[in-house]
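Read through the structure below, which is laid out as structure tokens, and then see the notes.
Taken together, the values in this text are just the output of simple stated rules run on the coordinates, not laboratory data. Since the structure is predicted, the reported quantities are computational estimates derived from the model, not experimental observations. Quick reminder, even Gly has a Cβ in these numbers, built from the backbone with ideal geometry, and neighbours come from all protein chains shown.
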Amino acid sequence: MGRTRVEVWKRGEKYALEGRVQITESDDTQVKAIVSGTESYEVFLKFLARGIRKQCTCPYAGGDVCKHMVATSLIWDNMRGFAPPAEDKVELETIHPPPISRKQIATCYAHPLKADLDIIRVATDYYNLSPKKHARLPRCPRIETYEKVPLTLTEVKGALKQMEKWAKRKTYHNYFCAGEMAAAFSEMLDILEKRLASSPPEVMIGIMAYCVDWYYRKFEQMVDGSDGVWIFPVARIGKIVTRLLEKYPEHPAWHEFNQIVEEIGIWWGDDLNAETIARWRNSNLN
Ligand SMILES: [Zn+2]
């Protein structure tokens, strides 16, 4: 909702308490309401991937948050079961109704392979009353998406390098951008999986070793894992390694794969090899 002046907030809160808000249409992402004061005004709030669209027909609302919007967001939050911000926070914090629902987030975590990655991108904002301004990242690093083109390790290294550059952006924040980074890495892994059938097994196995290595050495440094967003790329790496193991169980390239990941395992104190990584596969897949 952006930073709202406290007096506007107070008036909006009063309006909400006085029952002046009539919600005419709503779901988890948008709401329409009529707010009655000296005059009646129409409010429209909608969560977009990159912010909130907010409209009110009152004269005050020229780009600013007005009391009608505040009143509407409070009633809407209440409808969706969210508590209003604590009194002492009001002066310090912005009013920021979450762009997504708790249930949507929970569903993503329960089924990481089927998760809507756009929800993961903004999930971190949800947990915070006052999300910090942070870098919005591209959806996926540049990589060929056509599934008939065989993969090369060079191509994958280039894509991962791009993501490392994103983390050097001024507004990059390892907590608030964690969901976006995890979603972008996941999208790239989904492309690798699509191109798996056209790629030679030794190349694919080598690429996956590189991805596991990158996950530990780079990804873990670029994101704050406290919200558990790491589960999304991890489930995908597990799925791809499982597929490769099923298809090429005896391939000699696994020897090198195991050497590479065991080395990372020793570094991280984890016991890693192709089999343990295959178990990263999300159990809710089937
Ligand atoms: Zn207004």
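Quick notes
- Mean Cβ count within 10 Å, highest first, over the residues of peptides 136-147, 211-222: 211-222, 136-147
- Convex hull volume per residue for the stretch 242-286, taking Cα atoms only, in Å³: 62 Å³
- Viscosity 1.567 mPa s, temperature 4 °C, Stokes-Einstein D of the stretch 6-90 from Kirkwood C-alpha radius, µm²/s: 101 µm²/s
- The string of couplings for the stretch 52-58 from the Karplus curve (6.51, -1.76, 1.60, θ = phi - 60°) is 10, 8, 9, 9, 8, 7, 6 Hz, one whole number per residue in order, with x for Gly and Pro.
- Residue 152 versus residue 135: modelled label distance in nm, points set 7 Å from Cα along the beta carbon direction: 2.7 nm
- Straight-line cross-link reach from residue 161 at under 27 Å between alpha-carbon atoms covers these lysines, not counting any fewer than eight positions away in the same chain: 114, 132, 133, 148, 170, 194, 218, 239.
- J(HN,Hα) series, the stretch 266-280, from Karplus relation 6.51 cos²θ - 1.76 cosθ + 1.60, nearest Hz, glycine and proline x: 5, 4, 9, x, 10, 8, 10, 6, 4, 5, 5, 5, 4, 6, 5
- Each label point was placed 7 Å from the Cα along the Cα-to-Cβ direction; for residue 46 and residue 210 their separation is 4.1 nm.
- At q = 0.07, 0.13 Å⁻¹, base-10 log of I(q)/I(0) for the chain (Debye sum, equal scatterers on each alpha carbon): -0.35, -0.87
- Selection from 123, 269, 219, by position along the positive dipole direction of the chain (Cβ): 123
- The HN-Hα couplings worked out from phi for the stretch 118-125 by the Karplus form 6.51 cos²θ - 1.76 cosθ + 1.60 (θ = phi - 60°) are 5, 6, 4, 4, 10, 4, 4, 4 Hz, whole numbers, x standing for Gly and Pro.
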